[in-house]
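Written below as structure tokens is the structure these notes are about.
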Amino acid sequence: MDLSTTETGSWWIDKPLLLPVDLEAQRVTAILVSRNGETWLPAVLDALAGSTVRPAELIAVDNCSDDGSLALLLAAQRQGLVSQVLTGTAGASFGEAAALALKAGGADSDWIWFLHDDAVPEPDALAQLLTFGARTPDLALAFPLLVRPARRRHTSLVLELGSSISGTGRRHLTVETGEAAQGQHEAAPVLGGSTCGLLARRDVFEALHGFSSAIPFYRDGVDLGWRAVLAGYAVMTCPEARLTHFQAGRSERRAGTVAEAKDRSEAAWDRLMGMRLIAAHSPGGPGYVWVWLRLVLGALLRSLGFLLDKAPDMALDELHAAHDFIRSRERVARLRRRLARLHASPADRKRADGLRPPWQSALVAFAHAAADLVRDLFGGSHSQDLLLDDLLGDEFESRAADRKQPIPRWVWAAAGVVLALFSGRGLLVAEGPLRAAQLLPAPATLSEAFSLALNPPAGTTAAPAPWLLLEAIGSAVFLRPNWFVLAALLAAVPATALTAAWYLRHHLGQHKRMSWILALAYALLPALLGGLNRGALWLVALALALPFFAAWLHRWSEPAEGAKLWQPAAGVAVALALVVPIVPALWLPSALAVAVVVVRSHGGPWSYVRGAVALSLPVVLWGNWLLDIIDT
């Protein structure tokens with residue numbers, strides 16, 4: 001009997017107690033689909049033979065291969081490894097082959113394990129998936145960790161751990177490809193992923209009517225996962241289960257694919273599937289028409305961009321995808337009817353939306369591509385550390401593409417310091433106190449500082465009174481010339497960039513490099529708008545406070561109890577207490593933002609109470625001053 005473990009709590013120890021789980025009691029039907037996979041199929045069959053947990057049935061479907069794939073499968077059947085070998089059709093999709101296998105067997109199975117002929121599972125892959133399924137309530141689908149094939153003495157590199165889809169149909173991975181697979185990832189909810197190694201609960205798979213013929217390849221796992229989430233089931237990643245995936249189809253090393261039969265590249269076929277899936281999940285009425293137009297126009301614009309980048313093949317892929325998308329209205333309508341029969345609840349729709357990338361991910365992807373283009377133009381993508389095994393390996397091309405040498409961080413830091421000093425060279429060498437339209441004169445004493453703040457000279461009334469007081473106190477401490485103001489002006493851009501990068505990285509999950517690029521663009525806004533030239537230190541303070549305000553709003557709907565439940569409300573209140581005296585007019589849009597978050601959080605009456613507390617604090621602190629502004 002093969003036993004694994006599941007977790008439960010214990011009151012006398014902090015570490016969860018592990019209880020045994022009988023994996024042999026869970027009946028699994030494995031489905032292996034092959035199409036011209038003679039190159040990779042022997043390694044896959046050997047790995048299945050050495051699996052620590054063997055499926056009750058292993059049904060192989062060969063879609064009319066032109067090589068020796070069928071012979072290999074029949075030999076494995078004679079050895080007792082494969083239960084049945086079925087023959088599909090040359091143009092059949094993965095879902096059609098899986099449906100053929102399920103008609104032939106697996107009626108009494110609890111789980112279905114989907115396998116590709118170019119993916120080699122680790123010996124414990126199935127055991128890890130079944131163990132994860134036994135301890136995860138309401139689990140419908142579990143997506144394993146896919147890694148790239150690696151040479152000897154090389155660490156395996158992450159390829160995919162589930163995936164999602166953006167509003168433009170772009171494939172969005174939940175992990176950064178190319179990072180070393182060292183067990184750093186944990187199980188997490190996901191929208192979908194590759195069908196390679198996918199473990200599906202049999203009853204849920206049948207309730208969802210299996211894979212959709214409208215999405216035959218590439219995005220079929222995302223489509224199935226999306227429908228499962230809308231139906232209220234749990235869709236998770238299982239990084240403990242690992243398969244080495246050669247990606248024979250996507251890398252165009254497999255002959256006789258459906259895309260090849262349609263005279264399309266694999267990239268064009270993948271783009272088409274993404275566009276179909278987004279159109280199927282779009283709202284009805286005018287929203288449906290807008291999504292169609294946006295997808296088609298987006299493909300045309302990307303085609304133009306690739307053409308300007310001297311990549312005519314990629315430009316042609318976009319045109320082919322747009323053309324085929326326009327002609328696939330019936331397939332999209334068929335999938336929309338299937339989605340309508342799910343009757344998804346608002347909570348499940350919100351959960352599915354939360355598993356998709358934010359709307360600004362398209363802008364991030366565009367900026368990322370632009371940054372790569374600039375680096376390529378200056379020769380920064382040339383790798384200096386390629387090894388002999390890399391050059392000899394079949395995966396060299398894909399691995400070398402991920403080895404774009406980044407610009408060292410110290411270069412960015414040094415460039416920022418030099419830029420700040422160069423921009424402020426006039427301030428550094430100037431004699432006497434700094435002068436600006438919204439800057440107080442440098443006070444000689446602390447009492448003079450308070451006097452200036454309470455009775456600001458003409459020309460400084462545009463600055464908020466609380467920040468005039470802060471500026472005056474800081475200037476009095478450092479005395480003349482205004483060293484406090486000078487330090488604030490020079491540190492404005494890097495300090496604002498740090499707070500913005502922190503928010504983008506930890507709350508929106510942006511790529512590290514792109515978070516810094518966007519943060520720098522945000523930090524430059526006060527300078528580009530002329531605020532620093534006017535001496536508007538309050539504008540710098542506003543730029544620093546807004547990321548914290550957005551961060552606390554982002555945490556509002558996170559599950560919490562006790563004091564932690566009130567932390568987002570306290571953070572929003574403090575941020576508003578800093579923002580309102582800077583720009584009083586921002587209280588109204590801030591209040592609207594808080595109201596929207598409160599309503600969408602579905603947190604009950606206490607959520608409204610927390611929102612009211614957060615909005616009332618700045619009014620209590622600055623009420624008299626705000627009334628004076630209204631009177632004047």
Problem set entry | In the stretch 137-161, the residues that are modelled with pLDDT of 90 or more and among the acidic types (Asp, Glu) | 160
For this session: Would you point out which residue out of 62, 110 is of a type in the set (Asp, Glu) and farther than 24 Å from residue 217 by Cβ?
Result: 110
For this session: Look through 227, 250, 264, 276 and report the one residue that is outside any helix (DSSP H, G or I), basic (Lys, Arg) and either in contact with a Leu (Cβ under 9 Å, 6 or more places away or on another chain) or without any contact (Cβ under 8 Å) to a residue 12 or more places away in the chain (or both).
Result: 264
Problem set entry | Conditions (1) under 25 Å from residue 39 (Cα atoms); (2) open to solvent by 20 Å² or more (accessible area, probe 1.4 Å): number failed by residue 128 | (1)
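Residue-wise test of (1) over 35 Å from the mean Cα position of the chain (by Cα); (2) over 21 Å from residue 208 (Cβ atoms).
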{"position": "23", "(1), (2)": "no, yes"}
{"position": "29", "(1), (2)": "no, no"}
{"position": "45", "(1), (2)": "no, yes"}
{"position": "98", "(1), (2)": "no, no"}
{"position": "103", "(1), (2)": "yes, no"}
Exercise. Out of curiosity, is residue 197 touching a residue at least 24 places away in the same chain (Cβ under 8 Å) and within 21 Å of residue 27 (Cα to Cα)?
Worked result: yes
Problem set entry | residue 187, sole failed condition from (1) modelled with pLDDT of 85 or more; (2) buried (at least 20 other Cβ atoms within 10 Å of the Cβ); (3) closer than 22 Å to residue 126 by Cβ | (2)
Problem set entry | Matching option when the condition is of a type outside the set (Val, Ile, Thr), open to solvent by 20 Å² or more (accessible area, probe 1.4 Å) and in contact with a Gly (Cβ under 8 Å, 6 or more places away or on another chain), among 264, 250, 254, 302 | 254
Seminar exercise, completed: When every residue in the stretch 259-269 that is hydrophobic (A, V, I, L, M, F, W, C) and under 29 Å from the mean Cα position of the chain (by Cα) is compared, the one modelled with the lowest pLDDT is 259
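Confirm whether residue 123 is open to solvent by 10 Å² or more (accessible area, probe 1.4 Å), assigned to a loop (DSSP other than H, G, I, E, B), in contact (Cβ under 8 Å) with a residue 60 or more places away in the chain and under 18 Å from residue 48 (Cβ atoms).
Numbers: open to solvent by 10 Å² or more (accessible area, probe 1.4 Å): yes; assigned to a loop (DSSP other than H, G, I, E, B): yes; in contact (Cβ under 8 Å) with a residue 60 or more places away in the chain: yes; under 18 Å from residue 48 (Cβ atoms): yes.
In short, yes.
The values are calculated or read from the model by the stated rules, or taken from the named source; none is laboratory data. Note that this is a predicted model, so its numbers are computed, not measured. Ideal geometry is used to build each Cβ from the backbone, glycine not excepted, and the neighbour counts take in all protein chains shown. Each accessible area value is taken on the protein alone, full model and side chains, heavy atoms only, with ligands, DNA and RNA left out. Shrake-Rupley method; radii C 1.70, N 1.55, O 1.52, S 1.80 Å.
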